[in-house]
1. Can you go through LEU306, LEU260 and tell me which one is in a loop (DSSP other than H, G, I, E, B), of a type in the set (A, V, I, L, M, F, W, C) and either surrounded by 24 or more Cβ atoms within 10 Å (Cβ to Cβ) or out of contact with any strand residue (DSSP E or B) (no Cβ under 7 Å at 6 or more places or on another chain) (or both)?
2. With respect to THR123, determine if the residue is without any contact (Cβ under 8 Å) to a residue 12 or more places away in the chain and either surrounded by fewer than 22 Cβ atoms within 10 Å (Cβ to Cβ) or touching a strand residue (DSSP E or B) at 6+ places or on another chain (Cβ under 7 Å) (or both).
3. For PRO164, work out the one condition from (1) assigned by TED's automatic domain parsing to the domain that holds ALA117; (2) touching a residue at least 40 places away in the same chain (Cβ under 8 Å) it doesn't fulfil.
4. As an exercise: evaluate THR556 against (1) under 24 Å from the mean Cα position of the chain (by Cα); (2) modelled with pLDDT of 90 or more and give the number of the one condition it does not meet.
5. Of these, ARG64, ARG35, ARG100, ARG60, which one is at pLDDT 95 or above, charged (D, E, K, R) and part of a strand (DSSP E or B)?
6. Considering TYR371, TYR319, which residue is part of a helix (DSSP H, G or I) and crowded, with 21+ Cβ neighbours inside 10 Å?
7. Can you tell me which residue in segment 175-193 is farthest from the chain's Cα centre (by Cα), limited to those that are in a loop (DSSP other than H, G, I, E, B) and among the small types (Gly, Ala, Ser)?
Amino acid sequence: MKHLLALISFSLFWTACSAPTVPEIDDHELAWHVRWLSNDDREGRMTGSVQMVKASHYIREDFRDAGLVPMGDNGGWFQFFEVEMPPVEGDSTLQIGSTRYSQVGTVAASADETISAKLVGATSDSIDGQFVLLRYQAGGTKLRGLIREATDQGAIGVIVGTHPNDVTEHFDGKIAFKAAQGSLSVPVITVSPQLLVALEEQVAAAADFGGLDGVTLMPQVIREKRTARNVMALAPGSSDEVIVVGAHYDHLGFGGDSSLAPGVHAIHNGADDNASGTAMVLELAEMWGLSDVGPQPRERGILFCLWSGEEMGLLGSSYWVANPTIPLENVVCNVNLDMVGRMESGKVTVASASTAAAFGPALDHAQQFIYDQGFDLELMVMQNDMPGGGGSDHMSFHKVGIPAVFFFSGMHSDYHRPSDDWQKITFGRMAELGTGLADMLVRLQIAPRSDFEYNKPEPQTSAHGGGSRRGGGLWFGSVPDYGNEPESGGMALAGTSPGSPAEKAGLLAGDVLKKVGDVVVGDIYDFMDALGKFKTGDTITVEFLREGKLEATELTFFPRP
């Protein structure tokens, strides 16, 4: 775009009788950005990685070259925040008397502490204050549930293994580190089928003595914290009002739990997800920084944001909403671009456009503008779709009542796989979409402030395919706040789904669930365990923290609409 803008002198003034035109987005520069961001050298842009830092510097330099104003922490380009990386298994040890067993494991949810006690069997009358030896069978009770049952009876640690009789050609008896996720309050050691049998014999022999004495559990779960960074820059207006245009620039690194190529350790380049959205934000930012595009003078500014940590749970955008670098009351709306690079069909989905009256006319004008340029790209606007048409960064704005619209070119077989590479991006189509986005932003810059009043979407209905897409599971209707990990445990809420049991029970964004029915909630996994105990029609008591005060409400489960 830089060379395009150097060749053309723009003089665009907004008047009552003539609308500004916008320059063309350069598909070659879009390709340059996507290829750089999704190159193997970036190693998949994992949040907190060295290559993610390099990507942030690339973005910063592009913003700086465009003449934009830094809008991060302390007048800089970056906003820093801490993220907890996925847990990694260390070297766990089990000691019984003078014998140390190093060929043992643990699970991701285990407490990382060393503790000693007696070891008893699962049928013992004196589990309280003891370690308990459990037998795990694949296909039976889920491992977290098995451990929870023991801790509910007072066990302070668990040793668990598979019996040799339960080993099959599809299950070798080794309990995987990821078999129990989240966080448990007790240490857990996993053992081989052979060691399980030996321990069962020792525990049985020690039953008359109150359990096997001299047992020490030493699980090691490495929970590393890293510093992540959002990158943000402002094309200022004459007023304090701004439109936030954003995309996430992180991806999956070498795969991990979110990869749809399980067991494959390979670079996930994330060309579509979301180098494409990042490139589009950079091109729009250059356009607003290097030219006079848009209404003149610009009363309403545009804040361009590249978020980190989206793949880990919308962490970057959630952090900014909670710690904004400009007052949230000055933000009129958010435009989110996530996966906008695969438009072979000539269509792009636009979701949650019903959340502000300003979006409709702006999108209609953008569509006509696209047609007037001779392009056949179609904006497929979905109305009344919640939660926002997909779990991306616009949801962070929805949860605080700021209207947000989401652009998405569609799912494909390369999603969250190593094959999401730049060669499959339709750069020409991307440029066409960018031209329409620029026109839409011009309309949003001049729309009346009253047209940005937040319109809370209606509950999804089967006509839109929303309510039943997740299958026949029990509907609670909470929206977890993945970026909020309460120090005292619990599951923080970012909000509730419209018309859901949670909304009707009065739960609100910011509440921290502490107990669902008779299940104490330490994290989201405990919450999911709790839901397995109930059925549609049940009425339960939900305990939650609101502004530090423990409260309770009755919640009745009913079907999704």
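1. LEU260
2. On the way: without any contact (Cβ under 8 Å) to a residue 12 or more places away in the chain: yes; either surrounded by fewer than 22 Cβ atoms within 10 Å (Cβ to Cβ) or touching a strand residue (DSSP E or B) at 6+ places or on another chain (Cβ under 7 Å) (or both): yes.
For THR123, the condition - without any contact (Cβ under 8 Å) to a residue 12 or more places away in the chain and either surrounded by fewer than 22 Cβ atoms within 10 Å (Cβ to Cβ) or touching a strand residue (DSSP E or B) at 6+ places or on another chain (Cβ under 7 Å) (or both) - is met.
3. (2)
4. Just one mismatch for THR556, condition (1).
5. After applying the criteria, what remains is ARG100.
6. None of the other options fit; the residue is TYR319.
7. We begin by selecting, within segment 175-193, every residue in a loop (DSSP other than H, G, I, E, B); these are 175-176, 180-187, 192.
With the extra rule that they be among the small types (Gly, Ala, Ser), the set shrinks to 176, 180, 182-183, 185, 192.
On the way: ALA176: 24, ALA180: 20, GLY182: 15, SER183: 18, SER185: 25, SER192: 35 Å.
Result: SER192.
Residue by residue, here is whether (1) loosely packed, with under 14 Cβ neighbours inside 10 Å; (2) in a helix (DSSP H, G or I) holds:
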site	(1), (2)
GLY341	no, no
GLU344	yes, no
LEU363	no, yes
ASP376	yes, no
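The values are calculated or read from the model by the stated rules, or taken from the named source; none is laboratory data. What you see is a predicted model; the values in this text were computed from it and never measured. Cβ coordinates were reconstructed from backbone atoms using ideal geometry, including for glycine residues, and neighbour counts include every protein chain displayed.
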